[in-house]
Amino acid sequence: MFDDDGEVNMQHVKRLWRNSTIENGFGPVGNQLAALAKDPAAKKRSLEARSTTVSLRKLHKLAGDELWIVRGFVADNPRTPVSILRALVYDESAYVRAMVAANVRTPIADLYTLANDPEVQVRRAVAANVDSPPEALAIIALLDRF
């Protein structure tokens, strides 16, 4: 969402906006962006969540953040421990679950769980993960057929 200078990454915002609807569980992106714009602490948390130098203790704390966009950055962070990824598999936000599904550190068993997710965006993220086993891809193919 933010580039290395702390400025809003419009490409990421546009992708979020394009993929967001109330029905698909991503929730209104505008509310999340407004929260980040109005709240310097929220912006700081989002920057910390995507930092590759953030402490593991801080990642644990940020994994429970009230903003799904911050939790999504935690799920997307290559430093995020497997224990956090496993907890975020069951996050209420489809965006967060999709970020978990896309993370190459996500355990195979959790990719199976996410392959059965009711939200198509999450299943697509599983399919895009290079470590997804063929069986998980078969589950997605069956679910997306009907």
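The values are calculated or read from the model by the stated rules, or taken from the named source; none is laboratory data. Values in this document were obtained by computation on a predicted structure and should not be read as measured data. Methodologically, a virtual Cβ is constructed for each residue, glycine included, from the backbone with ideal geometry; neighbour enumeration extends over all protein chains shown.
Before we move on, is residue 100 at pLDDT 95 or above, among the aliphatic types (A, V, I, L, M), surrounded by 14 or more Cβ atoms within 10 Å (Cβ to Cβ) and assigned to a helix (DSSP H, G or I)? In short, yes.
Taking the numbered list (1) out of contact with any helix residue (DSSP H, G or I) (no Cβ under 7 Å at 6 or more places or on another chain); (2) buried (at least 16 other Cβ atoms within 10 Å of the Cβ); (3) under 21 Å from residue 50 (Cβ atoms) in turn, residue 91 passes all entries but (1). When residue 106 is tested against (1) buried (at least 20 other Cβ atoms within 10 Å of the Cβ); (2) part of a helix (DSSP H, G or I), just one condition goes unmet, and that condition is (2). Of everything in the range 72-95, what is at pLDDT 95 or above and within 16 Å of residue 42 (Cβ to Cβ)? Give them in sequence order. 74 - this is the single residue of the range 72-95 that is at pLDDT 95 or above and within 16 Å of residue 42 (Cβ to Cβ). Taking the criterion of being of a type in the set (Lys, Arg) and at pLDDT below 80, the residues of the range 10-63 that qualify are 14, 15, 18, 38.
Within the set 87, 125, the sole residue that is without any contact (Cβ under 8 Å) to a residue 60 or more places away in the chain, under 10 Å from the mean Cα position of the chain (by Cα) and not in a loop (DSSP other than H, G, I, E, B) turns out to be 125.
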